[in-house]
């Protein structure tokens, strides 16, 4: 069925792309038999579970609870072993963890820590032999909690898996088709292009980088100049890939043999068609290119709505269901980029239902952000709720987490068959954003500032500048599920752009554009004035990434700069690779002489303190106490008057 919200023009473009891919696939079907030898090492290797699709922590809350995940699996290999830590709650009792394959066959059993283990934690290692072969590069695995016991009307026992590591074995094979080239769990892509990249090559590099980050979970990117031979070597790791982007020749995306074995992806085309080839990977149609060569005749368009003021939970992919005895919590995460830049507040309209609370029972539902309660509902016999609360700017972040906490006590003598309270938030619940005309600045305003337009300007169009732009663009894309669309513009045009702008320039380029970043730079000197601190001037090689508002053009600017060689940025990007872009909260991330970078707040961090409002019940208590105090004072005053009047009457009678 055709979605009526998709414009006809976009639908036509998508169909053109599909037909082009399929037509080229038919033309080059024989190329799918590309004979490229494997360049990958065949020895078993281990990777953290988080890099191949497993969460950092898996929690199972009650007997027979299960959770299914997929493990990104390189072609020709298979998950051979899983290790990690298992922790159980103190009330669990004896039990075990069961591991099943996608057919439901029990493969392994892990005995859980007993009450004799005071920490409730122990390491484990199990073989994964018997998992069924991967489909589309993903191997399914299911964890089931078995055994265990807990007293009636108490929190169900919980089993938690953490620090997971997956070992792979097998004989890796080089990819032979486009759809198979980028594996799930993609770690690193090295992109080779001209030593002096053209605008089309720059555009293709940035489009491919953001597309792979959004759709394939790319962890790291590097841009290098093509070697003199014109053919770089293929990688030796199963999760790394090499790409060549070259302006010239017929427009095409091709999988070609590497000079020493393995496979390389090559993108070619003229100034107008080369970027179009990169856009294939921004579309799910890349999965249809089961061939070694395809041509994109028209660029793909993003298929996710942005910039609306209101979305339902269903549109945002949010859901919440809890089975409650005592206290149970769940988290809802809102990607602020869906609403565009300059959000001043977000209002959440919760609609849902729960098991009606009996006359002797008690129940509450609390919604909080950063441990500050914003909603406190008393649950009753109605069995439903329809309530609203607002998250102020001070509590918002690029990824705001709402914690829903339900408390329930049946208020009766508990027996093993006493049912828990079930609470569910309906997908019809919705979130509405209010926008402000004030630009926020600082790293917390990113990547929201780029979702409606991301202009990219490079001062000298060199490989080091393009590498810095690609690493930064990938970092921005990694912060949101909204597809970013970087657009390379002439450097001078960046002075007046009204889109969020990523600029890579040294101090002369900054002056040329008339920018006013938080940190002043003059030759090899850094000058910074932090609020409440003396102005600091430091001499030496300096590099920084700065995020600041440009009110004159109603935009935010992300500046990547250095006073010396671009290699001075290495320490900054290395530190970000360790901590993540999300850890930056100031407006300038700076390093001197290649030293440890520092996150500075010079103008605006976008974050400020907020005084938590008291819970609803406490507000009424305060009102009742105040009214009672006033009433008591009036009572004492009247009593004093009455006693004085009575005393005067007694004195007059005695006379």
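Filter the stretch 176-186 for residues that are modelled with pLDDT of 90 or more and in contact with a strand residue (DSSP E or B) (Cβ under 8 Å, 6 or more places away or on another chain) and give the result.
176, 177, 178, 181, 182
Just to be sure I understand, how many residues within the stretch 187-199 are touching a residue at least 60 places away in the same chain (Cβ under 8 Å) and surrounded by fewer than 23 Cβ atoms within 10 Å (Cβ to Cβ)?
First, the residues of the stretch 187-199 that are touching a residue at least 60 places away in the same chain (Cβ under 8 Å): 187, 191, 193, 195-199.
Going one step further and asking which of them are surrounded by fewer than 23 Cβ atoms within 10 Å (Cβ to Cβ), we end up with 187, 195-196, 198-199.
Looking only at that region, the number is 5.
Quick grid of which residues meet (1) buried (at least 19 other Cβ atoms within 10 Å of the Cβ); (2) on the phi > 0 side of the Ramachandran plot:
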{"position": "317", "(1), (2)": "no, yes"}
{"position": "324", "(1), (2)": "yes, no"}
{"position": "327", "(1), (2)": "no, no"}
{"position": "331", "(1), (2)": "no, no"}
{"position": "341", "(1), (2)": "yes, no"}
{"position": "345", "(1), (2)": "no, no"}
{"position": "358", "(1), (2)": "no, no"}
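Residue pairs, Cβ under 9 Å, 6 or more apart or interchain, first in the stretch 341-354 and free of Cβ contacts under 8 Å to residues at least 60 places away in the same chain, second assigned to a strand (DSSP E or B). List them.
Between residues of the stretch 341-354 that are free of Cβ contacts under 8 Å to residues at least 60 places away in the same chain and residues that are assigned to a strand (DSSP E or B), there is no close pair.
I'd like to check which strands (runs of 3 or more DSSP E) are fully inside the stretch 127-228 and have at least 3 residues that are out of contact with any helix residue (DSSP H, G or I) (no Cβ under 8 Å at 6 or more places or on another chain). Please lay out each step first, then the result.
Numbers: elements: 138-147, 159-170, 188-193, 220-225.
Strands (runs of 3 or more DSSP E) meeting the threshold: 138-147, 159-170, 188-193.
The values are calculated or read from the model by the stated rules, or taken from the named source; none is laboratory data. As the structure is a computational prediction, the values presented were derived from the model and not from experiment. Heads up, the Cβs are rebuilt from the backbone with ideal geometry, glycines too, and the neighbour counts pull from every protein chain shown.
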